[in-house]
Amino acid sequence: MTELRKRGGGGDPDSTENISDKETDGEDKLGLGAEGEGEGEVEGEGDSKADTPDVPPSVDNTPECLNKALEGLSSRWKNWWVRGILSLTMISGFFLIIYLGPIMLILVVMSVQIKCFHEIITIGYRVYHSYELPWFRTLSWYFLVCVNYFFYGETVADYFGALVQREEPLQFLVRYHRFISFALYLAGFCMFVLSLVKKHYRLQFYMFAWTHVTLLIVVTQSHLVIQNLFEGMIWFIVPISIVICNDIMAYLFGFFFGRTPLIKLSPKKTWEGFIGGFFSTVFFGFIFAYLLSQYQYFVCPVEYSNERGRFTSLECEPSELFVMQEYTLPAMVQNILRWRTVNLYPFQIHSIFLSSFASLIGPFGGFFASGFKRAFKIKDFADTIPGHGGIMDRFDCQYLMATFTHVYIASFIRGPNPSKVLQQLLVLQPEQQLSIFNTLRNHLREKGMLPPAVLEAQ
């Protein structure tokens, strides 16, 4: 900033205009006039009132009935009860949504994504005093629609192949999906460029970057949540549940036993809560994985049935991950437990790695969110849920967990998918399909895998 002001002293008159008093005032509103929290600064200089963003304080929207029921308690215990009651309510709602099936889960994920996007964009709108920016909110939501169109279009092409083959308009949209998505984005990009106003250049580019980072954090990872769901509901339910378990158990251990601060970004986080949450989450994930692995409803991939015209996840031959197997214990463990072997579902072993990530790395999603909120002097992303804050406050760790689960499945679990290969073959021209058929037949003949009756018919 200082360098820009020095350069503005002479030379091109346009460059002098670009750092006019009006724009400098706009920078001061952004809190950019006195940046820095270096070690050599005088304490409090970087946090002066001039740099404090103008964000309205959080509003206590606790239901009146709860306030009356808990009015005799201290604020600490009142917050404990409010968080507990609302947590149980949300968990009950989560199980109800699971019962309603994969379509409802997808709709809920989309709703959560939109609300998280709204909360982050609203913070940027208020912090950066973007009230006079032309088209800012309109373009932000337009880009959200474009990115969702791209991701969900990819999902339709991957998982709704049978439906696409029946509908002529869908075939056109799927074939040119990426070109259409890019054209839509380009339209928004051009609208942004046309909306640039001289006195707001820098602020408009700040908000353009703010919107795109928000899309990267929220929309991309929401898409991965849905991708995990299509692998089987167990890959959706278990990761989300173990993050919820870790949040609850870390809070309880920290509330009752916490003495040692864990990280400065979150002063209320303690080592006792962190360690207690880890062991509780690993144990919970191991048992929960055992229970869900027994039911086809949870372990079967979610696929679209052409005959039934809906999603199905009730009938399949469970993969080896969900078939009970016998494992020989290490000699040291045998001496302790007096057991030589143990029967487990292989998915239970994977659940240990998922739970470990949720407990050891997952909280860093929360620490990242805490640093973000401290940077803008806000307590919560919103006040949607009493005692918890906004929706984003509850999903900061979930998005990181969803990304890890997706990478874990792609790296260690998923193999070639015959249904997707078949869907791609059905899109080809008849001549191409026949060529692939002949190539595959010759390959199987060389391998000796064709039955004698087939060879005689040839």
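The values are calculated or read from the model by the stated rules, or taken from the named source; none is laboratory data. Note that the structure is a prediction, hence the values are computed from the model and not measured. Because the Cβ atoms are built from the backbone with ideal geometry, glycine has one as well, and the counts that use them run over all protein chains shown. Heavy atoms of the whole protein, side chains included, go into the accessibility calculation; ligands, DNA and RNA do not. Shrake-Rupley method; radii C 1.70, N 1.55, O 1.52, S 1.80 Å.
For segment 202-237, the set of residues classified as within 22 Å of I91 (Cβ to Cβ) and assigned to a helix (DSSP H, G or I) consists of Q221, S222, V225, I226, N228, L229, M233, I234, W235, F236, I237, listed by residue number.
So which of A382, A410 is over 30 Å from L70 (Cα atoms) and open to solvent by 20 Å² or more (accessible area, probe 1.4 Å)? Give the derivation first.
Values: A382 fails: over 30 Å from L70 (Cα atoms).
After applying the criteria, what remains is A410.
Of the residues making up segment 245-272, those that are buried (at least 20 other Cβ atoms within 10 Å of the Cβ), within 27 Å of H350 (Cα to Cα) and within 24 Å of the chain's Cα centre (by Cα) are C245, N246, D247, M249, A250, Y251.
Reported count of residues in segment 185-199, each being open to solvent by less than 60 Å² (accessible area, probe 1.4 Å) and within 32 Å of the chain's Cα centre (by Cα), is 5.
For segment 203-243, a residue qualifies if it is more than 30 Å from L100 (Cβ to Cβ) and either of a type in the set (S, T, Y) or surrounded by 16 or more Cβ atoms within 10 Å (Cβ to Cβ) (or both), and the qualifying residues are L203, Q204, Y206, M207, F208, W210, T211.
Of all residues in segment 110-137, which are part of a helix (DSSP H, G or I), modelled with pLDDT of 80 or more and open to solvent by 50 Å² or more (accessible area, probe 1.4 Å)?
Residues of segment 110-137 that are part of a helix (DSSP H, G or I), as a first pass: 110-127, 130-132, 136-137.
Subset that is modelled with pLDDT of 80 or more: 110-126, 136-137.
Once the filter is applied, which keeps residues that are part of a helix (DSSP H, G or I), modelled with pLDDT of 80 or more and open to solvent by 50 Å² or more (accessible area, probe 1.4 Å), segment 110-137 yields M110, S111, I114, K115, H118, R126, R137.
Can you name the residue in segment 427-443 that is surrounded by 12 or more Cβ atoms within 10 Å (Cβ to Cβ) and at pLDDT below 85 and is also farthest from S356 (Cα to Cα) among such residues? So the residue we want is R441. All of T122, T220, T155, T214 fail the test of being touching a His at 6+ places or on another chain (Cβ under 8 Å) and among the hydroxyl-bearing types (S, T, Y), apart from T155. Among the residues of segment 318-330, those identified as touching a residue at least 12 places away in the same chain (Cβ under 8 Å) and either open to solvent by 50 Å² or more (accessible area, probe 1.4 Å) or over 22 Å from A402 (Cβ atoms) (or both) are P318, S319, E320, V323, M324, Q325, E326, Y327, T328, L329.
When only residues in segment 331-352 that are of a type outside the set (S, T, N, Q) and at pLDDT below 90 count, which is least open to solvent (accessible area, probe 1.4 Å)? Applying the filter and picking the extreme gives V333.
For segment 340-396, a tally of residues being closer than 29 Å to V299 by Cα and assigned to a loop (DSSP other than H, G, I, E, B) returns 4. Every listed requirement among (1) open to solvent by 50 Å² or more (accessible area, probe 1.4 Å); (2) at pLDDT 90 or above; (3) among the polar types (S, T, N, Q) is met by Q171 save one, (2). The condition of being in a loop (DSSP other than H, G, I, E, B), open to solvent by 60 Å² or more (accessible area, probe 1.4 Å) and either of a type in the set (A, V, I, L, M) or at pLDDT 70 or above (or both) holds for only one of L107, L32, L96, L73, that being L73.
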